[in-house]
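Data first, discussion second: the structure below is written as structure tokens.
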Amino acid sequence: MINLKIKQIRERNNFTKEYIAIQMEITVKKYDEIEKGKVDLKISKLKRLSEIFGVERSYFF
């Protein structure tokens with residue numbers, strides 16, 4: 001479910017996958033895997049996503 005919320009908020013903010021990947025300092029492929037729920041998201045990455053999107057970490061739960 002977290003991956004779906006990440007995708008929704010990214011699309012709502014009109015951010016590209018490339019933009020988010022750059023902000024997180026990861027590859028686009030790795031970010032795509034996050035959105036597809038293929039990787040376990042570490043707390044540090046979730047914290048960074050919340051900063052990029054301007055939401056509390058609790059938004060994702």
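When both residues are 6+ apart or on different chains and their Cβ atoms are under 6 Å apart, which pairs have a first residue that lies in segment 46-59 and is surrounded by 14 or more Cβ atoms within 10 Å (Cβ to Cβ), and a second that is basic (Lys, Arg)?
Between residues of segment 46-59 that are surrounded by 14 or more Cβ atoms within 10 Å (Cβ to Cβ) and residues that are basic (Lys, Arg), the close pairs are 46/57; 50/57.
Quick one: in segment 1-14, which of the residues that are of a type outside the set (A, V, I, L, M) and open to solvent by 60 Å² or more (accessible area, probe 1.4 Å) is nearest to the chain's Cα centre (by Cα)?
Initial filter on segment 1-14 (of a type outside the set (A, V, I, L, M)): 3, 5, 7-8, 10-14.
Still in the list and also open to solvent by 60 Å² or more (accessible area, probe 1.4 Å): 7-8, 11-14.
Numbers: 7: 7, 8: 10, 11: 11, 12: 12, 13: 12, 14: 13 Å.
Once the filter is applied, the top-ranked residue is 7.
Only one of (1) surrounded by 14 or more Cβ atoms within 10 Å (Cβ to Cβ); (2) out of contact with any helix residue (DSSP H, G or I) (no Cβ under 8 Å at 6 or more places or on another chain) fails for residue 17. Which number is that?
Going through (1) surrounded by 14 or more Cβ atoms within 10 Å (Cβ to Cβ); (2) out of contact with any helix residue (DSSP H, G or I) (no Cβ under 8 Å at 6 or more places or on another chain) one by one, residue 17 breaks only (2).
Tally time: how many residues in segment 20-42 are in contact (Cβ under 8 Å) with a residue 12 or more places away in the chain and open to solvent by 100 Å² or more (accessible area, probe 1.4 Å)?
1
So, in segment 29-49, how many residues would count as being over 8 Å from the mean Cα position of the chain (by Cα) and within 14 Å of residue 15 (Cα to Cα)?
The number of residues fulfilling the criteria is 1.
The values are calculated or read from the model by the stated rules, or taken from the named source; none is laboratory data. Please read all numbers here as calculations on a predicted model, not as lab measurements. Glycine also receives a Cβ, built like all others from the backbone with ideal geometry; neighbour counts cover every protein chain displayed. Please note that ligands, DNA and RNA were not included when accessible areas were found on the heavy atoms of the full protein model with its side chains. Shrake-Rupley method; radii C 1.70, N 1.55, O 1.52, S 1.80 Å.
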